[in-house]
Structures are given as structure tokens and as C-alpha cells.
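Everything on this sheet refers to the single structure shown next.
The values are calculated or read from the model by the stated rules, or taken from the named source; none is laboratory data. Given the structure is predicted, the values throughout are model-derived calculations rather than measurements. Backbone-built Cβ (ideal geometry, glycine too); neighbour counts: all protein chains shown.
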């Protein structure tokens, strides 16, 4: 690996760490960079999942006062996210690569749209509050979302926030903590599959992971004065650009 590639990877990791700390949406930056340095799409997706995984856990630990009680509902949600994360990862590895590269521009565009409309979605769900739904329908919805998370992952946080706001709580801090806990389980489940199946390119992953840890620390400091909306707009712009670039690459 040459120094330019290493610099690009660590810079993307730093940017992703800052973005996750301030606004979320790091995968829209880090995954295209994994592709740009020459990794095959499936390996790039798996390696990116490992590189950004610590961010979910750090975010979950940041607000221990809003951790949910250890009850049957949490156990069902954890089991659903574990099963979903593993299933999505296995699906990614079992499918022919062509069936993943074709939808890549759509997946990036979908994640960008979710990210763009996240404040609206979250505000509406919080205002409406949790609905009385069947006991198992919440875990079932989380399981389906976790399959997507294990398969690709970008935009998972927005999906989980909306679903948890519907089915669990109207307190946005509680929802955010639970979302981060579930995202951590999905990440651990999917990355365990990727690692055991040898789908990780470790040199690129370690360098980006180092940058992401640095960026997470920097983001924790920058969040005090860096407007999150500026970061959001930059991430949305990059997501639109990347979906266009990869649409041209894979569809023409």
C-alpha cells in the first residue's frame, strides 16, 4: 500500500468519525473510499463495517442514564437485531457480487435520502409517540431493519430511530441510546460473520479504523461549536455525488 492510499484511508476515517459524532452518516463517506482504493465491492462493504463499528458502541455508552431496562422486550429486540445482522451479512456473502454492485448506487441514494429526511422523520415519530402494537411486531420490524444493516448498513440509524419511536418510547434520548445499542449488536453480528468468512481486507480496515477513532475524539470536541447542519449538508452532497458516480460506473 502506498502512502497516498494510506493517507486517503486515514483521512476518510477521521472524517467519518467526526461526521458520526456530530451528525451521523459516516458510511456515505467511508464506503466509497474503500471502493476508491481498489477493494472489491463486497470486501469494501465488509471492511467498512469493521472500521466504523466502534462508533456505535461509543455513542451508546455516552448517555448511560437513558439505558433501557433489562427486560423481556430488550431481550427480544437484541435477539432480533443479532439474527438480522448475521442474516444480512450472510446474504451479502452468498449473493454473486454482481447482485450487490448493481444496487450499490440505489443503496447509497436510499441512505442519502434517509439521512436528508432524518430530522423530519424523527420529529414526526416523536410527536406521535409510541403506538399500541403487538408485542412481537416491534422485534420483527427491528429484525427486518437489521437484515438491511448487516447487508449494507448506511442509513440504519435513521430506520431504527423511526421504528423505535413508533414502538418503544417518545423520549428521543432513550430512543437514541436504544438505537445505538441495537446498531452495535447488528455491527458485532455482521462483522463477526465477515471476519470468520475471511471477507475483511485488514490493512485498509486498520488504517481507516485508526482514523475513525481519532475522528470520533475530534468530533466530541467539535460538536461544541461546529454546526451539525453544515456537516449534514456536506454529507448529503457527498452522498448524491457518490450515488451518481457509482451509477455511471456500474450501470454504463
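Do we find a residue being at pLDDT 80 or above and either closer than 18 Å to residue 8 by Cβ or in contact with a strand residue (DSSP E or B) (Cβ under 7 Å, 6 or more places away or on another chain) (or both) anywhere in the stretch 183-200? Write out each step before concluding.
Here is the first cut: in the stretch 183-200, the ones at pLDDT 80 or above are 183-200.
Checking which are either closer than 18 Å to residue 8 by Cβ or in contact with a strand residue (DSSP E or B) (Cβ under 7 Å, 6 or more places away or on another chain) (or both) leaves us with none.
No, the stretch 183-200 contains no residue that is at pLDDT 80 or above and either closer than 18 Å to residue 8 by Cβ or in contact with a strand residue (DSSP E or B) (Cβ under 7 Å, 6 or more places away or on another chain) (or both).
Return the pairs, sorted by first residue and then second, in which the second residue is part of a helix (DSSP H, G or I), the first residue lies in the stretch 25-44 and is at positive phi, the beta carbons are less than 7 Å apart, and the residues are 6+ apart or on different chains.
Hits for this filter: 25/19; 25/115; 25/235.
Mind listing just one residue for me: the one in the stretch 167-181 that is surrounded by fewer than 20 Cβ atoms within 10 Å (Cβ to Cβ) and not in a loop (DSSP other than H, G, I, E, B) and, of those, modelled with the lowest pLDDT?
For the stretch 167-181, the residue satisfying everything is 172.
Going by the structure shown, is residue 242 touching a residue at least 12 places away in the same chain (Cβ under 8 Å) and closer than 15 Å to residue 45 by Cα?
It is true that residue 242 is touching a residue at least 12 places away in the same chain (Cβ under 8 Å) and closer than 15 Å to residue 45 by Cα.
Among residues belonging to the stretch 25-55 that are surrounded by fewer than 23 Cβ atoms within 10 Å (Cβ to Cβ) and at pLDDT below 90, point out the one that is nearest to residue 157 (Cα to Cα).
Only one residue tops the list, namely 53.
Return the residue satisfying two criteria in turn: it lies in the stretch 92-102 and is part of a helix (DSSP H, G or I) and more than 11 Å from residue 194 (Cα to Cα), and of such residues it is modelled with the lowest pLDDT.
Here is the first cut: in the stretch 92-102, the ones part of a helix (DSSP H, G or I) are 92-94, 97-101.
Still in the list and also more than 11 Å from residue 194 (Cα to Cα): 94, 97-101.
Working: 94: 94, 97: 85, 98: 82, 99: 85, 100: 86, 101: 85.
Result: 98.
Test residue 121 against the stated conditions and say whether it is on the phi < 0 side of the Ramachandran plot, at pLDDT below 75, assigned to a helix (DSSP H, G or I) and surrounded by fewer than 21 Cβ atoms within 10 Å (Cβ to Cβ). Show your work before the answer.
Numbers: on the phi < 0 side of the Ramachandran plot: yes; at pLDDT below 75: yes; assigned to a helix (DSSP H, G or I): yes; surrounded by fewer than 21 Cβ atoms within 10 Å (Cβ to Cβ): yes.
Yes; evaluated as a whole, the condition is true for this residue.
Any idea which of 205, 192, 184 is touching a helix residue (DSSP H, G or I) at 6+ places or on another chain (Cβ under 6 Å), in a helix (DSSP H, G or I), closer than 24 Å to residue 41 by Cβ and touching a residue at least 12 places away in the same chain (Cβ under 8 Å)?
Values: 192 fails: touching a helix residue (DSSP H, G or I) at 6+ places or on another chain (Cβ under 6 Å); 184 fails: closer than 24 Å to residue 41 by Cβ.
Just one listed residue meets the conditions, 205.
Can you name every residue in the stretch 133-147 that is out of contact with any helix residue (DSSP H, G or I) (no Cβ under 6 Å at 6 or more places or on another chain) and at pLDDT 70 or above? Working first, answer last.
Initially, the stretch 133-147 is screened for residues out of contact with any helix residue (DSSP H, G or I) (no Cβ under 6 Å at 6 or more places or on another chain), giving 134-137, 140, 144.
Once the filter is applied, which keeps residues that are out of contact with any helix residue (DSSP H, G or I) (no Cβ under 6 Å at 6 or more places or on another chain) and at pLDDT 70 or above, the stretch 133-147 yields 140, 144.
(1) assigned to a helix (DSSP H, G or I); (2) at pLDDT below 90: which one isn't true of residue 130, the others all being true?
So residue 130 meets the others, but not (1).
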